[in-house]
Amino acid sequence: MFDSGVGGLTVARAVLDQLPGEQLLYIGDTANTPYGPRPVQEVRRLALTIMDELVDSGVKMLVIACNTASAAVLHDARSRYTRGKGVPVVEVIHPAARAAARVTRNGRIGLIATQGTVDSNAYDDALAAVPGVSLFSQACPRFVELAERGVTTGPDVLATAEESLAPVKAADVDTLILGCTHYPLLAGPISYVMGEDVTLVTSSQETAKDVYRELARADLLRAPDAPTPRHEFRATGDPDSFSVLARRFLGPEVGRVNHAEFAPTPRPASNEDPA
Ligand code: DGL
């Protein structure tokens with residue numbers, strides 16, 4: 001599983017809750033966070049470099065625990081790893097879109113996400129076939145910065161939430177997709193600003209169900225008598241600061257955090273694309 005930073009830990013938490021026997025290898029690309037404002041080719045390159053590393057480490061499944069990366073690279077990832085190497089790939093956009101379509105009562109769904117995710121129209125595409133649904137999208141880049149700093153409460157967060165959420169609030173949505181894996185870390189202030197009649201939808205629980213479904217379908221679930229899983233966490237940036245936040249957001253399963261040995265870089269040295 002990977003994300004641009006700590007946000008994917010919200011997905012990791014749900015996966016470990018639903019599949020406590022599975023063993024997790026998580027990479028946080030903290031050296032290159034945030035992905036949201038980067039051009040799609042850069043996100044694609046970073047994500048493929050990390051997924052190559054995960055596959056080389058012997059994982060049996062890939063989880064793209066980042067909306068921006070899911071929007072940028074899902075198609076290529078399925079062709080490169082699933083069709084190419086038999087490694088299933090699970091992402092976070094369709095699970096959240098499905099959940100939102102199920103819970104909306106007035107058909108007006110809000111989406112808050114990074115600029116990259118909003119510009120990709122990935123959620124519009126995921127909801128296009130659902131009759132009677134309109135999507136109102138808003139990029140909220142400052143939420144990522146706050147979450148990566150571990151600032152999830154306090155006056156700054158509330159002021160940012162009031163300002164960033166004003167357009168989706170004005171659109172009279174009854175359901176709000178937190179279309180960035182960092183945003184559930186700010187669910188309290190987001191819900192407070194949107195009001196209790198607005199249902200917040202995150203991708204974590206639904207993505208974890210997809211992980212179970214894919215593993216079961218491919219007969220890849222870990223044997224019940226397998227040794228106790230030993231999770232591993234790697235950060236491309238400073239492992240110590242990642243470790244502090246990871247313990248806070250994921251919990252005691254985070255042991256030692258290692259520095260990732262490889263170095264994904266945002267720009268290719270030549271015009272060659274890694275795919
Ligand atoms: N985790 C990313 C996502 O879900 C947001 C953070 C970033 O911009 O890198 O889109």
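Values as computed for the structure displayed
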| quantity | calculated |
| --- | --- |
| Listed residues Val73, Val103 arranged by accessible area, highest first, probe 1.4 Å | Val103, Val73 |
| R0 of 22 Å, Cβ-Cβ distance Ser241-Lys60: FRET efficiency to nearest 0.05 | 0.15 |
| Principal axis dimensions, the stretch 47-93 - Cα atoms, whole angstrom, descending | 24, 18, 15 |
| Mean Cβ neighbour count within 10 Å, used as a protection proxy, ranking 28-37, 222-231 highest first | 28-37, 222-231 |
| Candidates per GluC sites (Glu not before Pro) in the stretch 232-266, loop by DSSP, up to 15 other Cβ within 10 Å | Glu261 |
| Accessible surface of Ser4 - all protein chains present, 1.4 Å probe, nearest 10 Å² | 10 Å² |
| Per residue value of the accessible surface for the stretch 151-242 (all protein chains in place, 1.4 Å probe), Å² | 49 Å² |
| Linear extension gain, Arg256 paired with Glu196, 0.36 nm per residue minus alpha-carbon span | 17.7 nm |
| Exposure of Lys85 as accessible area (Å², to 10), given a probe of 1.4 Å and all protein chains | 120 Å² |
| Mean Cβ count within 10 Å, highest first, over the residues of peptides 7-15, 50-58 | 7-15, 50-58 |
| Residues Arg149 and Ala171, FRET efficiency given R0 of 30 Å [Cβ-Cβ distance, rounded to 0.05] | 0.55 |
| The stretch 35-141: translational diffusion in µm²/s, Stokes-Einstein, Kirkwood Rh over Cα pairs, 20 °C, 1.002 mPa s | 147 µm²/s |
| Cα Rg, Dmax (largest Cα-Cα span) when computed across the chain, Å | 17.9, 53 |
| Within the chain, helix-based [θ] at 222 nm, where runs of 4 or more DSSP H residues each add -39,500 (n - 2.57), nearest 500 | -13000 deg cm²/dmol |
| Of all accessible heavy-atom area on the chain, the percent that carbon and sulfur account for (1.4 Å) | 50 percent |
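The values are calculated or read from the model by the stated rules, or taken from the named source; none is laboratory data. The shown structure was predicted, so the numbers you read here are calculated from the model rather than taken from an experiment. Virtual Cβ from ideal backbone geometry, glycine too; neighbours counted across all protein chains shown. Keep in mind that these areas ignore ligands, DNA and RNA; they rest on the heavy atoms of the full protein, side chains included. Shrake-Rupley method; radii C 1.70, N 1.55, O 1.52, S 1.80 Å.
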